[in-house]
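Q: Submitted below is the structure of interest, expressed as structure tokens.
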Amino acid sequence: MPEMNIRQSWPDDAARLAALIQESFRDVAGRFGLTEDNAPTHPANCRPEWIETAMAKGVRYFVLERGGEPIGCVALERAGREAGAFAKALGTRREPAPGGGVRAAASSLPAGSALAPPPP
């Protein structure tokens, strides 16, 4: 089985993240008849600009990759000045991930380093 890796995402990853998020919410959107017209902000309609805007506001994205291909992602956002981080699992592909997948991977991220400013 190919190696799994978690890494922080950057603005140049926005298109890949948006595609992963769209894919992971597509079935829900289909089940409930959600479209860009009646649910423009539903994750099934995620656009790279949404990711870029969130990153510009300080949201950190992490992607879980298997063999270099994204299979899951989470977003970390500071909940408040005194509080820690809020993690939200945004997208996962429908394939088994050893050790619990993206949720388990997200819980293993070190909060301090995840919210540190990005490198220059």
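Q: For residues in region 1-18 being assigned to a helix (DSSP H, G or I) and touching a strand residue (DSSP E or B) at 6+ places or on another chain (Cβ under 8 Å), which is farthest from Met55 (Cα to Cα)?
A: In this case the residue turns out to be Arg16.
Q: Report, by residue number, each residue of region 1-23 that is touching a residue at least 24 places away in the same chain (Cβ under 8 Å) and acidic (Asp, Glu).
A: Glu3, Asp13, Glu23
Q: Something else: Looking only at region 1-22, count every residue that is charged (D, E, K, R) and open to solvent by less than 60 Å² (accessible area, probe 1.4 Å) and tell me the total. Show your work before the answer.
A: Quick first cut of region 1-22, residues charged (D, E, K, R) only: 3, 7, 12-13, 16.
Now narrow it down to the ones that are open to solvent by less than 60 Å² (accessible area, probe 1.4 Å): 13.
Total satisfying the criteria: 1.
Q: When the residues of region 23-50 are filtered to those that are among the hydrophobic types (A, V, I, L, M, F, W, C) and either at pLDDT 95 or above or surrounded by 14 or more Cβ atoms within 10 Å (Cβ to Cβ) (or both), which remaining residue is nearest to Ile71 (Cα to Cα)?
A: Among those residues, the one meeting the criterion is Phe25.
The values are calculated or read from the model by the stated rules, or taken from the named source; none is laboratory data. This is a predicted model, so every value here is computed, not measured. Reconstructed Cβ throughout: ideal geometry from the backbone, glycine too, with neighbour counts over all protein chains shown. To get the accessible areas, we keep the full protein, side chains included, count just its heavy atoms, and leave off ligands, DNA and RNA. Shrake-Rupley method; radii C 1.70, N 1.55, O 1.52, S 1.80 Å.
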